[in-house]
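This report concerns only the one structure given below.
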Amino acid sequence: MQVNQKEFEPVIAAFCCNWCSYAGADLSGTNRLSYPSNVKIIRVPCSCRVNPMFILRAFQRGADGVIICGCHPGDCHYTSGNYFTRRRMTLLFSMLDYLGIERDRTRVEWVSAAEGAKFAATMNDFTETVRKLGPNRRLEDLRCRKQ
Amino acid sequence: MDNKQKEQILRSSGVNVLKCMRCGKCTATCPNYEEMEYHPHEFVYMVEKGDLEKLMASQSIYRCLTCFACVERCPRGVEPAKLIEAVRLAAVHRQGENHIVPDDIPGMLDDDLPQQAIVSVFRKYTK
Amino acid sequence: MRKIGVFVCHCGTNIAATVDVKAVAEALGHEPGVVVSCEYQYMCSESGQELIKDSIKKHGLTGVVICSCSPRMHENTFRKAAASAGLNPYLVEIANIREQCSWIHKDIASATEKAIILGKAAVAKIHLNTPLTAGESPVAKKALVIGGGIAGIQTALDIAEAGFEVDIVEKKPTIGGKMAQLDKTFPTLDCAACILTPKMVECAQNEKIHIYSYSEVTEVKGFVGSFNVTIKKKARFVDETKCTGCGLCTEKCPMKKVPNEFNMGFDNRSAVYIPFAQAVPKVAVIDPANCMMLKTGKCGVCSKVCTVGAIDYKQQDTYINETYGAIVVATGYDPIDLGKYDEFAYSQSPDVITSLELERLMNAAGPDGGTLLRPSDKKHPHTIVFVQCVGSRCDDSRGKPYCSKICCMYTAKHAMLIREKYPDTDVYVFYIDVRTPGKNFDEFYRRAVEQYNVHYIKGMVGKVEPKADGKLSVQASDLISREQLHIDADLVVLAAAIEPDKTARPLATMLTTQMDTNDFFTEAHPKLRPVESATAGIFLSGACQGPKDIPETVAQASAAASKAIGLLCKNSITCNPCVAHSDELMCNGCSSCEKVCPYGAITYINKEFTMPDRTVALRRVASVNPAVCQGCGACTVACPSGAMDLNGFSNSQIMAEVDAICK
């Protein structure tokens, strides 16, 4: 299958913590604030549940961008989970950068349950950024590619 | 112009005037209070407002003893003495600006004026 | 393979207008394991739920995927419906195709495509769901209150009133705390002792309340419902059961030169003492640091004069173990040490005092019997200067960044009381802001100004210098009149900032509760859960959570009590089944998970394992307490061997979702 650059639609996986960002995503829906359908949300209890493995797996399976959304620092439902996320992802993203996965394909964003507009704006911005970067083929496992 | 001047003063002093909670402890502690037209807490507030011309023209900036009592006692760590120092410096720097424009010279000329004076005026009042 | 049913909701036109629900049901019907796939107008309605229940029974479904609104909305509804049809409620997954699909997209084709992908992800996940059962853990019907000030007293009384047993642990020999030291209370000016001591007596007399005075909590184990607490009863060298509190020993004790803590060191007490006349329990205590008998073995006067033989020089610290269902923290506050404030000459002059010291000086039970005299020469002060915000709202290392909240009001009270009793006194109050939010508070402050003529000056004191004639030279600014003032004062009173008690930090570590950078306990939610800590079963009462005055403290104490009562009323607590668990065969005992757990839910146990070569080995493995774990999953990522996993959000489930989305 040949990827047509013009029609390139990025696949974006968004990990959202159940208490803030997932609720923020719901709120942007309730307020009818649109963002591209490229973004698919995976619900996790806390952003600190996101294992670096999941992100590697996403890139392996053909994701073009991965974004992790959690509660604002200090507001974590589990008091300190997002601090772990921040540290882990800083390390992981620099490693991915080293591997050739551009920094802009990965992002950690703090979105509270009240920030529906911020969620939509973040997703719009992130999708556009990834769209400009083009398809990610660096880590993709071709055996997994859709027939 | 003033805004640029204010930023320059804030930068050179390293003082965050917004930290001030206007308690006046700096002024309460100032040993040279009677001699000063503007007092430490007023300095901080005037710089915050960008009211710099009055400050730079005031004798207060030269009467500050730089004893650092206000810096020592300020509960918010605002450091008024450093701010005064920065305003003083700005005033001194201003003395080095171009105060004479060559085009104005012909109008000022006087037959009795020695040429040397014109040269020296340029030396003193221009960059 | 699971037998899965897919139910796509129209939500009227909310979903159906932008998502082709028929196409979604059709596409998901081809997914592996899906035996039935249908759509319906309102899945959450009575008939919609019936449809799900009937399908579960008819097709023998072992997994249900509902494509509808956000799981935050109706997950529970559908779980209950599944449970009533005999399916484990945790075998239900929701694909959010309303808030996160139909409501945000306008293009039908792309919205439908996304809805299908979200549905596929849910189907992929449900293949790996395991039936989960919510565990239950018992609740011990007894509460522990740590701290016996007004907060602890009020909480204990309220819990006892509801019929539950309460233990109060107080580190001092008597309960009462700071309030017992106060003279009058604002804004009503009634005497603190008159309203506090009846409550203290009530505590002592209540059969449900047990007071461990002169005791400390040394260890806390366990979790909500069954905290196992070790309490150290410090040796008081007096048998509590025998002592009648007659006070004969304190009179006869030859060692009379010990500074009296209760009177802030303004007078002396004996080595064997009762802190104050209304102490509860009214039992003497021997201060081992000053008792001649305990130090040198030569004296024994108290033992000789005691008519009931209560003195016991051989008494040892004893440890008590108790199980509690709930713990209320009420450790209170202390004024900060003003030793570093040289500009106010606090360490140099005895006439520069803190407000708490002034309370004692003015108290009828204080060192001077309620007559206000200067500590240095015992003369009546004619000019008194109050300095506000000493150490409060400070950005440096000497003070505290927060507002101590109570100082404005107690200073108004002091100023008013002094002006009333001694109208010949000039009272100056130097303030930065006067903060009086509270019922009748601002009226009270205005009364001090208007009725009692207290001089309130907007400005700050910069320097206090003791002079040779015994006066204090006060240099201050008056910001409104643009003046620098020089006042010769007789007495300077500093409104010292308040800080949490020193025992709070180690206690928080024991309780695995959170604290802020100022060592105040952090509430679970600043607005909606103000008296609960983030750790289940631990509640906060009074100034340990932040600066508070008495009315606020009492209100919070009662709120904490009601939360504790709510917990104690239950026979058992249902636990969230989505908790972490460790595969003991994979765990290598590295402690990584233990370090990241914010709840202290992970402990290590030594367990015997039969190895492949049939030898038995003792291995150190992690064990998660499901009653304590809240299911954040921090440990699952920290675990290097992959032994930790989270029920309901397992590694394989999330991976399956990732695969479904990315493919």
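Points to keep in mind about this one:
- Spacing of the two label points (7 Å from each Cα toward its C-beta) at C:E465 and B:S12, in nm: 3.4
- Amide proton proximity set for C:F539, modelled H, under 5 Å, gap of 5+: C:I327, C:V328, C:V329, C:S533
- Ratio Rg/Rh, restricted to the stretch B:3-125 and using Cα atoms, in which Rh is the Kirkwood radius: 1.16
- For the stretch C:84-92, putting each phi into the Karplus relation 6.51 cos²θ - 1.76 cosθ + 1.60 with θ = phi - 60° gives couplings of 5, 8, x, 9, 4, x, 8, 9, 10 Hz, in residue order, rounded to whole numbers and with x for Gly and Pro.
- For the stretch C:32-46, backbone nitrogen atoms closer than 19 Å to the point 7 Å from C:E26 Cα along Cα-to-C-beta are found at C:32, C:34-41.
- Per-pair calculated FRET efficiency, R0 = 35 Å: C:S591 and C:K295 via Cβ, rounded to 0.05: 0.20
- Cross-link reach list, aspartates and glutamates versus C:K221, counting only Cα pairs under 12 Å and skipping chain neighbours closer than eight places: C:E322
- The Cα trace of the stretch C:4-126 gives Rg and Dmax of 12.8, 39 Å, the first to one decimal, the second as a whole number.
- Across the stretch C:209-218, coupling constants 3J(HN,Hα) worked out from phi with the 6.51/-1.76/1.60 Karplus curve, θ = phi - 60°, read 9, 10, 9, 9, 8, 6, 9, 9, 7, 10 Hz, and Gly and Pro carry x.
- Per-selection metrics, the protein assembly as shown (Cα): Rg and Dmax in Å: 36.0, 120
- For the stretch C:228-250 versus the stretch C:8-86, the inter-centroid distance based on Cα atoms is 67 Å.
- Close amide-amide hydrogen proximity is noted between C:G631 and C:A580, each under 5 Å apart and 5 or more residues distant or on a separate chain (H modeled in the peptide plane; Pro and chain starts excluded).
- Extension gain, B:Y62 to B:V121: 0.36 nm times the residue separation minus the Cα-Cα distance gives 18.7 nm.
- Label zone at C:K527 (point 7 Å along Cα-to-Cβ), backbone N below 20 Å, the stretch A:18-41: A:18-31
- Kirkwood analysis of chain C, using all unique Cα-Cα pairs, places the hydrodynamic radius at 29.7 Å.
- On the basis of the beta-carbon distance and an R0 of 25 Å, C:C403 and C:E450 show a calculated FRET efficiency of 0.55.
- Mean-position separation - Cα centroids, the stretch C:337-371 and the stretch B:77-102, in angstrom: 46
- Max mean-square fluctuation residue, GNM over chain A, Cα-Cα springs under 10 Å, options A:M53, A:M123, A:M89: A:M53
- For the pair A:D141 and C:K221, a Förster radius of 41 Å applied to the C-beta separation gives a FRET efficiency near 0.30, rounded to the nearest 0.05.
- Fewest-first ordering of B:D111, C:D342, C:D190 by other beta carbons within 10 Å of each residue's beta carbon gives B:D111, C:D190, C:D342.
- Going by neighbour counts of Cβ atoms within 10 Å, the residues C:D351, C:D267, C:D20, B:D110 line up, fewest first, as B:D110, C:D267, C:D20, C:D351.
- Mean-position separation - Cα centroids, the stretch C:136-191 and the stretch A:1-62, in angstrom: 50
- Here C:K607 is the anchor, and the aspartates and glutamates within straight C-alpha reach of less than 15 Å, apart from those fewer than 8 places off in the same chain, are C:D583, C:E584.
- Take every pair of alpha-carbon atoms less than 8 Å apart whose residues are at least six positions apart; their mean separation over the length of chain C yields a relative contact order of 13 percent.
- Residues whose amide H falls under 5 Å from that of C:D583, counting only those 5 or more places apart or on a different chain, are C:M644, C:D645, with hydrogens built in the peptide plane.
- Backbone HN-Hα couplings from phi across the stretch C:522-533 [Karplus 6.51/-1.76/1.60, Hz, Gly and Pro as x]: 8, 7, 5, 8, x, 10, 9, 9, x, 10, 9, 8
- Each stretch of four or more DSSP H residues adds -39500 (n - 2.57); spread over every residue of the protein assembly as shown, this sum gives -9500 deg cm²/dmol at 222 nm.
- Options C:I4, C:A111, C:A85, ranked by Cα towards positive dipole end of the stretch C:4-126, top entry (Cβ charges): C:A85
- Other protein chain Cβ atoms within 10 Å, averaged over every residue that makes up A:74-81: 6
Bear in mind that the values in this text are calculations on the coordinates, not laboratory data. Every value quoted in this text rests on a predicted model; they were computed, and no experiment measured them. With ideal geometry, Cβ positions are generated from the backbone for all residues, glycine too; neighbour counts draw on all protein chains shown.
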